[in-house]
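Below you'll find the structure, written out as structure tokens, and then a few comments.
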Amino acid sequence: MTEPSTEITTAAELRALLGEPMERAVTKERTRLLPIDLQWLAASPFCLIATSDADGNCDVSPKGDPAGFVKVLSDSRVAIPERPGNRRADGYLNILSNPHVGLISVVPGRSESLRVNGRAKLVRDAPYFDDMVVKGHRPILAIEVDIEQIFFHCAKSFMRSKLWKPETWEPEQLPHHAVIVKSVQETRESLEELIEYYGAGYEQKLYGAVK
């Protein structure tokens with residue numbers, strides 16, 4: 001029989017275990033974008049967006065586009081475009097019931113990350129959508145985030161994981177994505193059809209129908 005876990009149930013227990021944060025970790029929080037933040041966002045092609053609904057059910061969604069895809073609207077507001085996807089809209093439905101969001105912006109090869117917390121809303125169109133056109137396609141919608149907290153996160157997690165060290169990569173340990181899909185759900189498509197779907201033509205459909 002498995003031994004029960006020892007749960008932490010109070011903030012006092014947690015602090016006794018972790019200790020107090022160093023002063024620099026406490027004072028690094030800001031509410032406005034600085035020039036270095038703008039430089040970072042201009043170099044970043046990828047971010048993660050965390051949301052939860054009114055009942056606390058959570059979702060984290062990856063977003064990626066050419067570097068600089070997070071549009072800076074002011075020193076306290078950014079916008080993130082939506083492209084064609086699976087249309088589940090889990091994070092977007094969460095935002096409609098609970099506007100609080102958290103972002104982690106990543107730059108390939110850099111072990112730091114930029115964290116942004118704030119309040120979001122969904123917009124179906126705005127003049128700046130013209131600046132978000134990629135391969136002839138405007139965004140489907142965008143998330144506007146009013147920044148309440150922003151800071152750089154240290155490099156330790158990326159360093160521990162050796163995320164950017166190609167010599168540690170072993171993607172062949174996992175099967176083709178079509179095999180993964182077929183192993184976790186019933187699909188109308190055969191495995192061969194899924195392999196073709198996720199094949200060479202998949203990238204051509206990233207921004208909509210091929211024209």
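Below, the figures for the structure above:
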| item | result |
| --- | --- |
| Length gained when the stretch Tyr198-Arg110 is fully extended (0.36 nm per residue, less Cα-Cα span) | 28.8 nm |
| FRET efficiency, Glu172 to Val123 (Cβ-Cβ, R0 41 Å, nearest 0.05) | 0.45 |
| Gaussian network model of the chain, Cα within-10 Å springs - most flexible of Tyr198, Tyr128, Tyr92 | Tyr198 |
| Prolate/oblate/rounded call for the chain, Cα gyration tensor, a/c under 1.5 rounded | oblate |
| Of Thr51, Thr168, Thr187, the one that fluctuates the most in a GNM where the chain has Cα springs shorter than 10 Å | Thr187 |
| Unsatisfied cross-links (Cα-Cα over 25 Å) in the set Lys71/Lys205; Lys156/Lys205; Lys71/Lys182; Lys135/Lys165 | Lys156/Lys205; Lys71/Lys182; Lys135/Lys165 |
| Additional length obtainable on full extension of the chain from His100 to Met1, 0.36 nm per residue less Cα span | 31.6 nm |
| Rounded if a/c under 1.5, otherwise prolate or oblate - region 104-211, Cα gyration tensor axes | oblate |
| Within region 9-43: backbone nitrogen closer than 17 Å to the Ala67 label point (7 Å, Cα to C-beta) | 36-43 |
| Stretchable slack from Asn57 to Arg87, in nm (0.36 nm times residue separation minus alpha-carbon distance) | 9.0 nm |
| At R0 = 25 Å, FRET efficiency that the Cβ-Cβ distance of Ser74 and His153 yields, to 0.05 | 0.65 |
| Label-point separation, Ala42 to Thr187 (7 Å along Cα→Cβ), nm | 4.1 |
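The numbers here are math on the coordinates, done by the rules we state, and not lab data. Keep in mind the model is a prediction, meaning the values are calculated, not measured. Quick reminder, even Gly has a Cβ in these numbers, built from the backbone with ideal geometry, and neighbours come from all protein chains shown.
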